[in-house]
1. Read through the list (1) open to solvent by less than 30 Å² (accessible area, probe 1.4 Å); (2) in contact with a Leu (Cβ under 9 Å, 6 or more places away or on another chain), then give the number of the only condition that residue 171 fails.
2. Identify all residues within region 202-219 that are in a loop (DSSP other than H, G, I, E, B) and either open to solvent by 40 Å² or more (accessible area, probe 1.4 Å) or aliphatic (A, V, I, L, M) (or both); write none if there are none.
3. If only one of 189, 224, 134 is modelled with pLDDT under 95, assigned to a strand (DSSP E or B) and open to solvent by 60 Å² or more (accessible area, probe 1.4 Å), which one is it?
4. Among 120, 77, which is at pLDDT 95 or above and at negative phi?
5. Give me the residue from region 15-35 that is in contact with an Asp or Glu (Cβ under 9 Å, 6 or more places away or on another chain) and surrounded by fewer than 17 Cβ atoms within 10 Å (Cβ to Cβ) and, out of that set, farthest from residue 118 (Cα to Cα).
6. Restricting to region 44-61, what's the tally of residues that are open to solvent by less than 20 Å² (accessible area, probe 1.4 Å) and either in contact with a Gly (Cβ under 8 Å, 6 or more places away or on another chain) or under 26 Å from residue 108 (Cβ atoms) (or both)?
7. Give the residue that is farthest from residue 23 (Cα to Cα), with candidates limited to residues of region 62-100 that are touching a Pro at 6+ places or on another chain (Cβ under 8 Å) and outside any strand (DSSP E or B).
Amino acid sequence: GYEAFPDVSRTSDGKLIVVFYEGYAHISNPNQQWPNGGRICYCISEDEGKTWSKPDTLYDSPYDDRDPSATLLADKRMACSFFIIDHGTNVIISEKEFKNWIELKPQIISILFNVSSPIRELSNGRLIVGLYGENWANNQAAGASICSDDIGKTWHTLSIIDNAGKYLDAETDIIELKDGVLYAIHRGEGTTMHFTTSIDKGSNWGRTKPLDFVGHCPYLHRSE
């Protein structure tokens, strides 16, 4: 198969889990050979990534499930964010261990926007995830974010980020800086990557500004 878009996280018992997309092409719509289209799989490592278990299915709907990311939350639950083509952004959050993900029903948190980045847990306990959407008819594309203040039970404050008139097909990722400001970065189509900040934990965002390099699907990490 075609395997892509991996993300790795620590589990509550110290193992590593990598989640990834599996299909037959970059976009794997259902067909005779793949009746459910693309799916989300995972592998486990118990030796810090030196070796990995055989892949297993995490989630496989009747549609093309893609771009998964994994997050270990402070309360030791595991969260997986992903999107389904034409069905928006979904989140699965386990109660205890990642292994029961496949038994859980995903929660749709945004129908019109997709995701390619993990859920981020902020210093005040808020969960936030970077989103992005495209409107082909109006030739517009921009990043966005959505939040949860009840450990992922409900999601609110869908905030669309001002794209400054650029076509930012986004793949938005978000990180919290030392001073509590949120920093978001986006991919651009036919332009450089762009960034913006939020001073109210993602309820509102400033207008995007260009960076001086081109890139796709950014992934932010604060080293200290």
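The values are calculated or read from the model by the stated rules, or taken from the named source; none is laboratory data. Note that the structure is predicted; figures quoted are calculated from it, not measured. For neighbour counting, all protein chains shown are included, and Cβ atoms are generated from backbone atoms with ideal geometry for every residue, glycine included. Heads up: the accessible areas ignore ligands, DNA and RNA and are worked out on the full protein's heavy atoms, side chains in. Shrake-Rupley method; radii C 1.70, N 1.55, O 1.52, S 1.80 Å.
1. (2)
2. 204, 207, 211, 212, 213, 214, 216, 217, 219
3. Going through 189, 224, 134 in turn, just one is modelled with pLDDT under 95, assigned to a strand (DSSP E or B) and open to solvent by 60 Å² or more (accessible area, probe 1.4 Å): 134.
4. Matching residue, one of 120, 77: 120.
5. Selected residue: 30.
6. The total comes to 2.
7. Result: 62.
Condition check ((1) surrounded by fewer than 23 Cβ atoms within 10 Å (Cβ to Cβ); (2) within 13 Å of the chain's Cα centre (by Cα); (3) closer than 18 Å to residue 144 by Cα) across all residues:
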site	(1), (2), (3)
63	yes, no, no
66	no, yes, no
76	yes, no, no
79	no, yes, no
103	yes, no, no
117	no, yes, yes
125	yes, no, no
